[in-house]
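This report refers to the structure that appears directly beneath it.
The values are calculated or read from the model by the stated rules, or taken from the named source; none is laboratory data. This is a predicted model, so every value here is computed, not measured. All Cβ positions, even for glycine, are placed from backbone atoms using ideal geometry, and neighbour counts span all protein chains on display. Please note that ligands, DNA and RNA were not included when accessible areas were found on the heavy atoms of the full protein model with its side chains. Shrake-Rupley method; radii C 1.70, N 1.55, O 1.52, S 1.80 Å.
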4 protein chains.
Amino acid sequence: MQRNRVRLAAARENIATGAISGAVGTFANIDPYVEEYVCSKMGLKPEPVSTQVIPRDRHAEYFCVLAVIASSMERIAIEVRHMQRTEVLEAEEFFSKGQKGSSAMPHKRNPILSENLTGQARYIRSLCIPALENVALWHERDISHSSVERYIAPDATVALDFSLRRLNGLVKNLVVYPENMQRNLNQMKGLVFSQKILLDLTQAGVSREDSYRLVQRNAMKVWEQGADFQTELLADREVAGALGEARIREAFDLNYHLKHVDTIFKRVFRE
Amino acid sequence: MQRNRVRLAAARENIATGAISGAVGTFANIDPYVEEYVCSKMGLKPEPVSTQVIPRDRHAEYFCVLAVIASSMERIAIEVRHMQRTEVLEAEEFFSKGQKGSSAMPHKRNPILSENLTGQARYIRSLCIPALENVALWHERDISHSSVERYIAPDATVALDFSLRRLNGLVKNLVVYPENMQRNLNQMKGLVFSQKILLDLTQAGVSREDSYRLVQRNAMKVWEQGADFQTELLADREVAGALGEARIREAFDLNYHLKHVDTIFKRVFRE
Amino acid sequence: MQRNRVRLAAARENIATGAISGAVGTFANIDPYVEEYVCSKMGLKPEPVSTQVIPRDRHAEYFCVLAVIASSMERIAIEVRHMQRTEVLEAEEFFSKGQKGSSAMPHKRNPILSENLTGQARYIRSLCIPALENVALWHERDISHSSVERYIAPDATVALDFSLRRLNGLVKNLVVYPENMQRNLNQMKGLVFSQKILLDLTQAGVSREDSYRLVQRNAMKVWEQGADFQTELLADREVAGALGEARIREAFDLNYHLKHVDTIFKRVFRE
Amino acid sequence: MQRNRVRLAAARENIATGAISGAVGTFANIDPYVEEYVCSKMGLKPEPVSTQVIPRDRHAEYFCVLAVIASSMERIAIEVRHMQRTEVLEAEEFFSKGQKGSSAMPHKRNPILSENLTGQARYIRSLCIPALENVALWHERDISHSSVERYIAPDATVALDFSLRRLNGLVKNLVVYPENMQRNLNQMKGLVFSQKILLDLTQAGVSREDSYRLVQRNAMKVWEQGADFQTELLADREVAGALGEARIREAFDLNYHLKHVDTIFKRVFRE
């Protein structure tokens, strides 16, 4: 979203030009000074080469930026929809006390806001196509772009504004279930730590190929028979022989995976 | 447009299904007979496999057909815009007596209706994209298609209805200038008949390659120096030797090109 | 997919026309009989009104149909991707014995085929846009459609052919886990039967509003505290009073929801 | 095109990030220093928050910029196609001496390069849609974007590169016919100067409404009967009374319209 702000600021800048250059852009009956004066009063830059209209690549850029923002918004909405699945339930859109759920199924809580935003994204995104087709006007200008822009300029802008406000509320009020995140990790019975075991084996001198085979044969027992990964590894002579019990146990430490979280946060939020 | 009617009728047929099959489409709490009964009263067919919703490939087809119709409409609009060019002027949108032209240029008559329709086509066409993205709903259904359809179902349908009515008026009132068509043909100084000369030469025994060379050398004098094509051919010994004066003059008969006009009309309008 | 076959057959029919009508479609130098004769030999219909080219709305229809098919394919792919989630795991793409999983995580089995098909659908779908823009050629024809079709005609057709074959293999070899489906249903602790209770209450004379409230208060205990739905209902005096124990127990019968499965199968597969 | 260079440079900058952060972006098994070191060697910036992949809004921006450039290119191509119309002929694509024209019509010179570029623009433009759909990947990543990018990354980039080189040659070798431009202006029989007369009348004290009426009644004689505009105005008592002969003649000076040409050139090319 930080990148999207930069894109939107650039598009706004590029679209903020004005033209008072006459019916075909020659300044025949009006001095360029008038254009400069009026534009500066309105916070616009004079369009360097206008015809009867401002060149439409500027507007195409604007609608493309809205399309990128809408797609970024959809990325967050899809994430929420996945997390709110009954089988996953790591987060949920806020659901107020009095609020009714599904009319047929009283227990049901659908991620209605993020489903709505997914659809909004589809709509807003598609409008970059007619904006791009608007660029190639005939000669000094035709008015074919006008009917298009009367639809899409308000519709795309207002729909995205509405959607971003909705997204803002959604994220702000999102109910997060850390204990379910932990439960889902545990549900894998240790398999999420397999890569660490793989690397430890190679560092203990086992060949990459053999390490992979050793890990996979134990992983498959977990996957297919519901065994516990650590227990299997400790019981596997080859693995236990190479790593020893302590090192195997150490490999199942979640903190090992979280040690650089602050680095990532600092990259985005600085300070 | 005859093809488009067939497409639209098929899409309308495909979209006219109904579902009363319960919240997940299992008919658990309602007998399929109810669905059949209600649908038949409403002129719908029961959806063979509904979930909570009707499958969205039906609606995608509908919006694609609107997109094809809009593009066909644009084809006519572009033709009118070309014919109305000042330098061509073979036809013009109707311009009523009292009507003002451009505010700056009182003589100017722009093809405003067809330029408007060109833009409408761009807008309507683009809406098939979100309709196609709506097909892949999650599981039994999600509501992501709903916000999209609230925009595009009325907008695309109404915009196309408006546009087709406007197109109808435009074509009905189109002012056609046959004498300008003739003038534009004449402006080519006979060059439009070059293919007939080319074929006559080959049938008179001149090789294809030589025929092309003979025609091109005379055509270029017309193109570059404004000469008259027939005069040049008559003065060209090789051409005149091969064809004779009468046959050269005959090749410039416009009716030769019109002899199958009725065949084409009959193909489209029967009778 | 049955609907898609019908659409594809119609598009194929509409695209199978031929034209041998001369450089501007007037049959000036060639008799319409030749067109008819050649077309019939090639299994084509003569194009009723050709210019130098066949009208491009026919081809636009074809690419739109490919777009609808691609989107239908994506619908299946998305379903598989959801079912293959670790937390859901109701079905899996076939994974052969020797096949390696992720290089870093030996236990990991991604739905790589359906993810691939999701992307293919995006690509194929987008190509209907330039096909639609191709319809409005200038005058008797221009060749702007030609470069577009050299890309998209083979690319969209071949990509969809490849994708449908891949989809076919994916579905044929799909590994389905009915016991996981049952487990996921059970995980809801009876909540999936809430609608039946709701209806039974109303039929036992409880108002719709009260019924909803009664079901919701028990459903919420299940959802928030992990209680068992049936147990809660039996312990709820109002509910038990209205329905009696037997009727409550009966409402938890899965077969109630499956009684019309055969009806639906018959609708699609007849016999 | 200057604006497009800026857009392309920004997109290139935004897309030039790298990630070596492990299979889920946590740097669990690799220190962030490695990422920084390798990226700096490769002229990339480290991706601030990577998952298994780089966020796809960066790539969507890139394809949108290609789409804007392609549309700008189409704008030039459409201009050339219009100028090369037989009835207009103010410019022509270069046509080498030996080059054959149409096989059927030896005199015919089509704007084949600009028609080709118009088609290329349609194709390249459409590919921003799947790039935008690629942004919303599932969770840490899925590979659905991969098949899309294998098509569109080389295709859009190479097609635009080819097209821009072709456009460059087209513009460099464009044959311009200034005398035909003058002829087309003259063909309007002075009507192009109507706005100056309109303004002169108002400055001579005639009301705006009356001025418009006076100009229009003379313009219509030119338009409908082929009269000469200046002659008509001189013969119109009201107009001649208000402006006098000299001022009417002065209003037909082409240089009046060209006086700010250098201003516009300086705006674009500076110096």
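Tell me, for the rotation carrying C onto D, which chain C residue has the beta-carbon closest to the axis and what that distance is in whole Å.
In chain C, the Cβ lying nearest the symmetry axis toward D is C:SER126, 3.
Let's see if you can work this out: charge +1 on each Lys and Arg Cβ, -1 on each Asp and Glu Cβ, no other charges. What is the dipole magnitude of chain B about its Cα centre, in debye to the nearest 20? Don't skip to the end; give the middle numbers.
Working: 36 positive and 34 negative charges, 132 e Å.
I would put it at about 640 debye.
Using a 1.4 angstrom probe on the protein heavy atoms only, could you order A:MET1, A:MET188 from most to least accessible area? Show your work: numbers first, answer last.
Numbers: A:MET1 95, A:MET188 30 Å².
Per-residue accessible area, sorted high to low, gives A:MET1, A:MET188.
Loop-only check: which trypsin sites (Lys or Arg not before Pro) in region C:1-106 are DSSP coil with at most 14 other Cβ within 10 angstrom?
The qualifying sites are C:LYS97, C:LYS100.
In terms of solvent-accessible area of protein heavy atoms at a 1.4 angstrom probe, what is the ranking of C:THR157, C:THR51, highest value first?
Details: C:THR157 55, C:THR51 30 Å².
If we order C:THR157, C:THR51 from most to least accessible, we get C:THR157, C:THR51.
Name the most mobile residue of A:ASN29, A:ASN14, A:ASN186, meaning the one with the largest mean-square fluctuation, in a Gaussian network model of chain A with Cα contacts below 10 Å.
Sorting by GNM fluctuation, first place goes to A:ASN29.
Could you tell me the center-to-center distance, by alpha carbons, between region C:247-271 and region A:254-271 in angstrom?
Distance between centres, Cα-based: 52 Å.
Per-residue ellipticity at 222 nm for chain B, helices alone: DSSP H runs ≥ 4 residues times -39500 (n - 2.57), over residue total, nearest 500 deg cm²/dmol? Write out the running numbers ahead of the final one.
Values: 14 runs with 172 residues, N = 271.
Theoretical 222 nm ellipticity from helices: -20000 deg cm²/dmol.
Among B:VAL34, B:SER126, B:LEU137, which residue has its Cα positioned farthest towards the positive end of the charge dipole of chain B, with +1 placed on the Cβ of Lys and Arg, -1 on the Cβ of Asp and Glu, and the dipole taken about the Cα centre?
B:SER126
Among all the lysines, which ones have a C-alpha under 27 Å from C:LYS45's C-alpha, if same-chain residues fewer than 8 places away are not counted?
Of all the lysines, those that pass the test against C:LYS45 - Cα under 27 Å, at least 8 places apart if same chain - are B:LYS259, B:LYS266.
Figure the gain on full extension for B:ASN29 and B:ARG208 (residue separation times 0.36 nm, minus the Cα-Cα span) and round it to one decimal in nm.
That works out to 56.5 nm of additional length.
Assuming a viscosity of 1.002 mPa s and a temperature of 20 °C, what translational diffusion coefficient in µm² per second does Stokes-Einstein assign to region A:213-264, Rh being the Kirkwood radius over Cα pairs?
176 µm²/s
Which whole-number value in Å² is the accessible area per residue of the protein assembly as shown, probe 1.4 Å? Mind dumping the intermediate values first?
Values: 50320 Å² over 1084 residues.
With the other protein chains kept in place, the protein assembly as shown gives 46 Å² per residue.
D for region B:133-271, whole µm²/s, Stokes-Einstein with Kirkwood Rh over alpha-carbon pairs at 4 °C and 1.567 mPa s: what number?
Working: Rh = 20.3 Å.
D = 64 µm²/s.
Which of rounded, prolate, oblate describes the protein assembly as shown, given a ≥ b ≥ c as roots of the alpha-carbon gyration tensor eigenvalues and a/c under 1.5 marking rounded, otherwise prolate only if a/b is larger than b/c?
Working: a/c = 1.97, a/b = 1.86, b/c = 1.06.
Since a/c reaches 1.5 and a/b is larger than b/c, the shape of the protein assembly as shown is classed as prolate.
Write down the radius of gyration of chain A and its Dmax, each obtained from C-alpha positions, in Å.
28.8, 93
Taking a ≥ b ≥ c as the square roots of the Cα gyration tensor eigenvalues, with a/c under 1.5 meaning rounded and otherwise prolate when a/b beats b/c, else oblate, which class fits region C:168-208? List each step's numbers first, then the result.
Values: a/c = 6.54, a/b = 2.89, b/c = 2.26.
Prolate shape, in that a/c is at least 1.5 and a/b is the bigger ratio.
How much net charge surrounds C:GLN52 when only other residues with a Cβ under 13 Å from its Cβ are counted (Lys, Arg +1; Asp, Glu -1)? Don't skip to the answer; put the middle values down first.
On the way: positive: C:ARG56, C:ARG141, D:LYS108; negative: C:GLU47, C:GLU140, C:ASP142, D:GLU115.
Charge balance near C:GLN52 sits at -1.
Show me you know the interface measure: the accessible area buried between B and C, both chains summed, probe 1.4 Å, in Å² to the nearest 100. Before the final figure, lay out each step's value.
Details: alone 17880 and 17890 Å², together 31010 Å².
Approximately 4800 Å², summed over both chains.
Would you mind calculating the relative contact order of chain B from Cα pairs under 8 angstrom and at least 6 residues apart, reporting the percent as a whole number?
Values: 272 pairs, mean separation 40.5, N = 271.
Relative contact order, chain B: 15 percent.
Please name whichever of A:MET181, A:LEU117, A:ALA240 sits farthest to the positive end of the charge dipole of chain A, dipole taken about the Cα centre and charges placed at Cβ: Lys and Arg +1, Asp and Glu -1.
In chain A, that residue is A:MET181.
With heavy atoms of protein chains only and a 1.4 Å probe, what residues of region C:3-21 have at least 40 Å² less accessible area in the full set of chains than alone?
The answer is C:ARG3, C:ARG7.
Among A:ASN173, A:ASN116, A:ASN255, which one shows the biggest mean-square fluctuation in a GNM of chain A, springs joining Cα atoms closer than 10 Å?
A:ASN255
Run the label-point distances for C:MET42 please: 7 Å along Cα to Cβ, every other copy, nanometres, shortest first.
Sorted ascending, the copy-to-copy spacings read 4.7, 5.0, 5.6 nm.
Please give the direction-averaged projected area of the C-alpha convex hull for region B:153-226, in square nanometres with one decimal. Before the final figure, lay out each step's value.
Working: hull surface 37.2 nm².
Orientation-averaged projected area of the Cα hull: 9.3 nm².
Assume the label is 7 Å from Cα along Cα to beta carbon: what separations in nm does A:VAL175 have to the matching positions in the other copies?
With the label placed 7 Å along Cα→Cβ, A:VAL175 yields 3.6, 7.0, 7.6 nm.
With chain C treated as a Gaussian network of Cα nodes joined by springs under 10 Å, which of C:ALA136, C:ALA204, C:ALA70 yields the largest mean-square fluctuation?
C:ALA204
What size of dipole, in debye to the nearest 20, comes out for region D:124-213 about its Cα centre when the only charges are +1 on Lys and Arg C-beta atoms and -1 on Asp and Glu C-beta atoms? Show your work: numbers first, answer last.
On the way: 11 positive and 10 negative charges, 109 e Å.
Dipole of region D:124-213, to the nearest 20 debye: 520 debye.
Pick out, in residue order, every one of the trypsin sites (Lys or Arg not before Pro) in region D:235-271 that is DSSP loop and has at most 14 other C-beta atoms within 10 Å; say none if there are none.
D:LYS259, D:ARG270
What would the Debye formula give as log10 I(q)/I(0) at q = 0.13, 0.15, 0.22 Å⁻¹ for the alpha-carbon point model of region A:37-147, no solvent?
-0.69, -0.78, -1.16
So what does D:SER40 come to for accessible area, using a 1.4 Å probe and Å² rounded to 10?
D:SER40 exposes around 80 Å² with every protein chain in place.
About the Cα centre of the protein assembly as shown, what is the dipole size in debye to 20, counting +1 per Lys and Arg Cβ and -1 per Asp and Glu Cβ, all else neutral? Can you show the working numbers first?
Details: 144 positive and 136 negative charges, 1 e Å.
So the dipole magnitude of the protein assembly as shown works out to roughly 0 debye.
At C:ASP253, label 7 Å along Cα→Cβ: distances to the other copies, nm, ascending?
Copy-to-copy label distances at C:ASP253, shortest first: 5.7, 9.0, 10.2 nm.
Can you give me the Cα centroid spacing of region B:146-220 and region A:126-148 in angstrom?
24 Å
Using a 1.4 Å probe on the protein chains only, how many percent of the accessible area of the protein assembly as shown belongs to carbon and sulfur?
On the way: 27400 of 50320 Å².
Carbon-and-sulfur percentage of accessible area, whole number: 54.
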